[in-house]
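Report on one structure; see the data block that follows.
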Amino acid sequence: MHRYVYLAGDGIFRGATLELPQAQVRALLPHGLTLGAQQLTRPGTHPVIMLCNEILRAHMTVPSALPSLSYRELSLGIPHCYLGAAGPFYYQPRLWLDDGLAMLGGVLYWGLTKRLAHIAVDAERFAVAQAGRALTSLQFTACGDALPVRAYPRFAALRALHQQPLVMTLPLGLGGPFFVCADFDKAWEAGTLQPLRTHARIDISYLPGLPTGAFDAEGIDACALGSYELRLPWRLSLPYPPALTRSSQAAPSR
């Protein structure tokens with residue numbers, strides 16, 4: 001069923017990859033989820049992906065009480081997570097968004113850790129605030145052309161991370177006791193990719209272990225950890241047990 005009934009829409013995804021110490025990244029994980037080996041960042045570190053998203057016309061593929069929704073959303077994502085020997089998975093310890101219905105649907109049905117915030121977006125900045133306090137932001141400047149995704153071969157390693165199944169916790173995304181997965185598929189051949197220079201700021205440590213400060217990055221045309229803007233259709237499957245995931249291979253925990 002989860003392969004045929006899903007949430008679908010279009011999106012603009014602006015991504016910047018943070019290279020953080022493993023101990024800080026482990027502190028962002030719920031009990032039962034561990035970090036696995038990866039080769040994208042230096043030894044002793046792990047990638048965390050900041051995604052600033054504009055979600056457009058999100059809708060279910062079957063009749064439902066959920067209307068078509070468009071909203072803004074910021075997520076932190078941790079790839080190469082494992083449940084025992086199962087994985088790799090992509091875990092999102094926090095998502096901030098500006099739509100109440102989208103928040104409720106994500107929390108109740110998918111077990112995503114979504115929270116409401118004020119999000120302001122213009123041509124070069126994506127900023128998240130709550131109760132008048134700045135939480136985090138991304139300043140971005142295009143430094144290349146928007147081309148088919150395959151035109152930027154350095155994106156291949158990050159694309160592989162984006163293809164890892166999501167792992168969430170039920171009930172209500174509160175850390176357990178049940179883990180579920182979902183496939184967040186993107187129509188890569190129908191999309192475009194554009195390199196960005198970015199300046200990410202985390203003003204408040206709103207999660208245990210989350211560092212504050214500034215993180216600068218060049219575009220994806222210059223390096224494998226470069227920043228980018230993706231524009232493409234996507235679909236999110238219904239949750240399903242981790243044992244049914246199409247991505248399950250053992251990797252040493254650390």
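The values are calculated or read from the model by the stated rules, or taken from the named source; none is laboratory data. Owing to the predicted nature of the structure, the values given are computational and were not obtained by experimental measurement. Positions of Cβ are backbone-derived with ideal geometry, glycine not excepted, and every protein chain shown enters the neighbour counts. Protein only, heavy atoms only, side chains kept; ligands, DNA and RNA dropped before computing areas. Shrake-Rupley method; radii C 1.70, N 1.55, O 1.52, S 1.80 Å.
Summary of computed values
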read-out	value
Residue match in region 194-216 (condition: over 23 Å from GLY111 (Cα atoms) and hydroxyl-bearing (Ser, Thr, Tyr))	yes
Residue that is nearest to ASN53 (Cα to Cα), among those in region 121-159 that are loosely packed, with under 13 Cβ neighbours inside 10 Å and either at pLDDT below 95 or among the small types (Gly, Ala, Ser) (or both)	ALA123
Test: residue in region 61-81 that is farther than 22 Å from GLY173 by Cα, in a strand (DSSP E or B) and of a type in the set (A, V, I, L, M, F, W, C)	no
Options GLY105, GLY84; residue that is crowded, with 18+ Cβ neighbours inside 10 Å and at pLDDT below 95	GLY105
Count of residues meeting criterion [loosely packed, with under 15 Cβ neighbours inside 10 Å, at pLDDT 95 or above and either closer than 26 Å to GLU19 by Cβ or not charged (D, E, K, R) (or both)] in region 178-191	2
Members of region 166-178 found to be assigned to a loop (DSSP other than H, G, I, E, B) and either under 19 Å from the mean Cα position of the chain (by Cα) or of a type in the set (Lys, Arg) (or both), listed by number	LEU172, GLY173, LEU174, GLY175
Subset tally (residues that are in contact with a Ser or Thr (Cβ under 8 Å, 6 or more places away or on another chain), farther than 20 Å from PHE215 by Cβ and part of a strand (DSSP E or B)) for region 121-165	2
Every residue from region 1-54 that is of a type in the set (Phe, Trp, Tyr), in a loop (DSSP other than H, G, I, E, B) and under 21 Å from ARG94 (Cβ atoms)	none
Hits in region 197-236 (condition: more than 17 Å from GLU19 (Cα to Cα) and either assigned to a strand (DSSP E or B) or open to solvent by less than 20 Å² (accessible area, probe 1.4 Å) (or both))	GLU229, LEU230, ARG231, LEU232, PRO233, TRP234, ARG235, LEU236
